[in-house]
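Structure record follows, encoded as structure tokens.
The values are calculated or read from the model by the stated rules, or taken from the named source; none is laboratory data. Since the structure is predicted, the reported quantities are computational estimates derived from the model, not experimental observations. Quick reminder, even Gly has a Cβ in these numbers, built from the backbone with ideal geometry, and neighbours come from all protein chains shown. Calculation scope for accessible area: heavy atoms of the full protein, side chains included, ligands and nucleic acids excluded. Shrake-Rupley method; radii C 1.70, N 1.55, O 1.52, S 1.80 Å.
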Amino acid sequence: MPLRTKLTEKLGIRHPILLAPMGTASGGTLAKAVTEGGGLGIIGFGYGNQERINQEFRAAGNARVGCGFITWSLARQPHLLARALDHKPAAVMLSFGDARPFAAAIKDAGAALISQVQTVAQAMEAVDIGSDIVVAQGTEAGGHGATRSTLALVPAVVDAVRERNDKIVVVAAGGIADGRGLAAALMLGAQGALLGTRFLASDEALTSAAAKAKLVAARGDDTMRTRVFDIVRNLDWPAVYTGRALQNAFSRQWHGRETELEKSLPTEAPRYARAAEANDLDTSVVFAGECVDLIRNVKPAAAIVASIVHEAETALRSNLPLAR
């Protein structure tokens with residue numbers, strides 16, 4: 001039973017799987033591998049860097065890929081969108097901020113506009129600005145997110161979007177790492193899934209070997225949502241958006257003591273920067289979702305896509321959970 005959905009039709013892809021545009025991991029090589037595996041790879045540009053935009057699109061070669069930005073950061077560097085659009089991405093994903101100023105340029109360039117949301121109200125705003133795809137992200141996700149869980153948020157967004165405009169595609173994100181998660185997303189009414197954490201532990205991810213090993217060894221209980229890694233990096237994220245990461249010595253020392261950390265930045269910020277440069281994972285952040293329990297190995301991204309699709313097809317065909 002091939003998984004043909006409105007998402008595969010909208011983007012012209014074989015499988016309803018999108019790569020999350022993780023700024024520190026989703027480079028051109030990984031995006032290319034996901035696309036060649038049948039999904040759509042999306043390069044993550046995070047806080048924006050003109051040189052990196054050119055570099056990662058070159059790494060993707062001739063593969064049909066998209067790209068993604070943190071919207072509130074893009075608002076400070078709007079020229080970066082024009083640079084990315086010069087590379088003719090298949091889609092542009094915007095997350096965490098007002099996408100309205102950028103929507104027309106993206107659509108005029110012929111790219112699909114993907115808006116990631118964390119509430120039903122944000123989903124309605126995404127519909128109103130002409131988004132082609134709305135990603136409903138639950139708090140189980142790695143990296144930045146808000147407060148609603150995937151299981152409840154996704155069907156609420158599906159219903160609200162369908163009532164407003166049934167041509168817009170809804171995709172689920174947050175805590176999805178295998179075929180059971182994709183099958184569940186489809187059963188909730190989504191037309192596909194956007195995955196981040198599972199692709200962190202892929203051969204092509206920019207993630208360090210040490211971080212990949214830590215992800216494979218970790219369990220969901222080892223993750224936490226916190227602001228401390230943003231504070232120490234001097235990133236002024238809106239307070240509603242915390243980041244889910246693997247707990248380490250730094251988070252255990254400072255989580256719950258954010259005010260003290262802010263006062264200690266003259267010493268802690270340089271210490272953290274040195275640790276990040278040295279890939280000291282006891283101090284520097286490894287963003288990861290609750291689904292790390294389901295990651296048991298590091299393998300090529302295309303193999304990850306194939307495995308997820310096969311498991312989802314099996315689960316949906318049997319209408320029963322996969323035996324493990």
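Odds and ends about this structure:
- Residue within region 107-118 that is of a type in the set (Val, Ile, Thr) and free of Cβ contacts under 8 Å to residues at least 40 places away in the same chain present: no
- Residue match in region 50-66 (condition: open to solvent by less than 10 Å² (accessible area, probe 1.4 Å) and touching a residue at least 40 places away in the same chain (Cβ under 8 Å)): yes
- Residue within region 11-24 that is open to solvent by less than 10 Å² (accessible area, probe 1.4 Å) and among the hydroxyl-bearing types (Ser, Thr, Tyr) present: no
- For region 160-188, the set of residues classified as open to solvent by 40 Å² or more (accessible area, probe 1.4 Å), assigned to a helix (DSSP H, G or I) and of a type in the set (A, V, I, L, M, F, W, C) consists of ALA184, MET187, listed by residue number.
- Residues (out of contact with any Phe, Trp or Tyr (no Cβ under 9 Å at 6 or more places or on another chain), small (Gly, Ala, Ser) and more than 20 Å from ALA288 (Cβ to Cβ)) located in region 1-32: GLY12
- Out of ASP98, ASP108, sole residue that is modelled with pLDDT of 95 or more and either over 20 Å from ILE13 (Cα atoms) or not hydrophobic (A, V, I, L, M, F, W, C) (or both): ASP108
- Entirely in region 42-151, the helices (runs of 4 or more DSSP H) that have 2 or more residues that are more than 29 Å from ARG225 (Cα to Cα) and either in contact with a Pro (Cβ under 6 Å, 6 or more places away or on another chain) or of a type outside the set (Phe, Trp, Tyr) (or both): 50-60, 79-85, 100-108
- Of the residues in region 200-207, none is outside any loop (DSSP other than H, G, I, E, B) and open to solvent by 40 Å² or more (accessible area, probe 1.4 Å).
- Residue pairs meeting the criteria (Cβ under 8 Å; at least 6 apart or on separate chains; first under 11 Å from TYR241 (Cβ atoms) and open to solvent by 10 Å² or more (accessible area, probe 1.4 Å), in region 136-147; second assigned to a loop (DSSP other than H, G, I, E, B) and charged (D, E, K, R)): THR139/ARG148
- Whichever residue in region 34-46 is out of contact with any strand residue (DSSP E or B) (no Cβ under 7 Å at 6 or more places or on another chain) and touching a residue at least 60 places away in the same chain (Cβ under 8 Å) and, among such residues, is most open to solvent (accessible area, probe 1.4 Å): GLU36
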